[in-house]
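Shown next, in structure tokens, is the structure this report addresses.
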């Protein structure tokens, strides 16, 4: 389901030239290793490649509980580090505050 939804989202982003994304996962109370592995090793790189030459920028808005999982779970920490590696052809960061996420995505649009 997530993979099919992600494919549709990527197709729409390609159509409209949208390379700044806000992922709101605040309602998610857990994340599987399989989903994190797929996102970090398959989906994010694929999306970056399909949207080139625009640089994909992903602001992930998560709950404090999910942020704690990303910081403390060894598997999730590994996938976050992989996704945020300087060698990636996209930018991604984690946020608990929507305003900060939007500022990071589009700093020229906010005061």
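Annotations
- Of the residues making up the stretch 85-93, at least one is surrounded by 14 or more Cβ atoms within 10 Å (Cβ to Cβ), more than 12 Å from the chain's Cα centre (by Cα) and at pLDDT 95 or above.
- Meets criteria (over 13 Å from the mean Cα position of the chain (by Cα) and surrounded by 14 or more Cβ atoms within 10 Å (Cβ to Cβ)) for residue 63: yes
- Any chance residue 84 is more than 20 Å from residue 105 (Cα to Cα) and without any contact (Cβ under 8 Å) to a residue 60 or more places away in the chain: no
- Residue within the stretch 26-35 that is surrounded by 14 or more Cβ atoms within 10 Å (Cβ to Cβ), at pLDDT 95 or above and assigned to a loop (DSSP other than H, G, I, E, B) present: no
- Conditions (1) touching a helix residue (DSSP H, G or I) at 6+ places or on another chain (Cβ under 6 Å); (2) buried (at least 17 other Cβ atoms within 10 Å of the Cβ); (3) modelled with pLDDT of 95 or more: number failed by residue 69: (3)
- Scanning the stretch 1-24 for residues that are surrounded by fewer than 14 Cβ atoms within 10 Å (Cβ to Cβ) and either part of a loop (DSSP other than H, G, I, E, B) or at positive phi (or both) gives 1, 17.
The values are calculated or read from the model by the stated rules, or taken from the named source; none is laboratory data. All values reported here derive from a predicted model rather than from experimental measurement. Cβ atoms come from the backbone with ideal geometry, glycine included; neighbour counts cover every protein chain shown.
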